[in-house]
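Notes for the one structure printed next.
Values quoted throughout were computed directly from the atomic coordinates according to the rules given, and no laboratory measurement underlies them. Just so you know, these numbers come straight off a predicted model, no measurement behind them. Here the Cβ positions follow ideal geometry from the backbone for every residue, glycine too, while neighbour counts run over all protein chains shown.
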Amino acid sequence: MLPSIASALLVGASVVAAQTLPVTDLVGTWSSKSNSTLTGPKFYDPVNEKMFEPDHTGISYSFTADGFFEEAYYRAIANPGNPACPKGIMQWQHGSFTKQANGSLVLVPIAVDGRQLYSDPCTYKTSVYTRYNQSELFERYEVITDPYHNIPRLNLYQFDGSPMMPLYLAFSPPEMLPTQTLNPTTVSSSAGAKATAKFKRSTDEITLPMNHKVLNRRREPMPADRWWWFGVFLTGSGAVLYFLF
Ligand SMILES: *[C@@H]1O[C@H](CO)[C@@H](O)[C@H](O)[C@H]1NC(C)=O
Ligand SMILES: *[C@@H]1O[C@H](CO)[C@@H](O)[C@H](O)[C@H]1NC(C)=O
Ligand SMILES: *[C@@H]1O[C@H](CO)[C@@H](O)[C@H](O)[C@H]1NC(C)=O
């Protein structure tokens, strides 16, 4: 066995040992300030392969007590060359999550289920509809009572410790699609999705860098202590998967 595989196995095993059950303070559907991008059937319809454009950009995460998550993103992408032509992107995925012993959250999506709808109306006539599969690592999180709105607020911190936009509790119990694998069929890209989205702007999207999800981005410079995550998640080895799941 190659040394790198062996160390990945060891790391995988210690991750399993370090995992704790998700804690109940995360349970619910959380949404950014505009509260119009929400997980669940109003964002994505897996039966008819449709995504529904929310009224405003934003993001939403749902978590269950037994370790499932769902997320919905609707973002505008600034187009400085032509401000009248904003591009937009909708992303949806779901899967399972674990809380690590040091407080970090690891979200592992069901690869075949995630969907992305990319709209660049001034360049393409139809939106580009593809699969979407992106593991995520949050360094830590906290649930507080928002002092201004007096409602539960979830602060998620990205892998590098920088905060995401605050999320507010929209539903508890969470509003989610079924948590098991929904649609293991092939999605071809550019599948003529109907959404000719006109992306409305809100303050939500501006602060969110496109690289907030980092686990698989090989091009990102990353501190050395994060590299072994690549080993855990990207080694195409059945043995590693066996240890993880
Ligand atoms: C927490 O643990 C995870 C894996 O167990 C690791 O990737 C992450 O860097 C750790 N975070 C901190 C802040 O030590
Ligand atoms: C999904 O992403 C994971 C890493 O996050 C990768 O290991 C896996 O191969 C991807 N699956 C597909 C079908 O793209
Ligand atoms: C967010 O929207 C949902 C559904 O429209 C509503 O039930 C909830 O009260 C809203 N939450 C906030 C904080 O405005």
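A simple count of charges around VAL27, restricted to other residues whose Cβ falls under 13 Å of its Cβ and scoring Lys, Arg +1 and Asp, Glu -1, yields -3. Spin-label model, ASN183/ASN150: points 7 Å from Cα along the beta carbon direction are separated by 4.1 nm.
Taking packing as the residue-averaged number of other Cβ atoms within 10 angstrom, the listed peptides 73-82, 111-120 run from highest to lowest as 111-120, 73-82. A cut-off of 5 Å between modelled amide H atoms, ignoring neighbours fewer than 5 places along the same chain, links PHE68 with PHE97. Add +1 for every Lys or Arg and -1 for every Asp or Glu among the other residues with Cβ under 9 Å from the Cβ of SER62, and state the total. Counting the neighbours of SER62, the net charge comes to -3. Each Lys or Arg adds one and each Asp or Glu takes one away; over the other residues whose Cβ falls under 12 Å from the Cβ of GLU142, this sums to -1.
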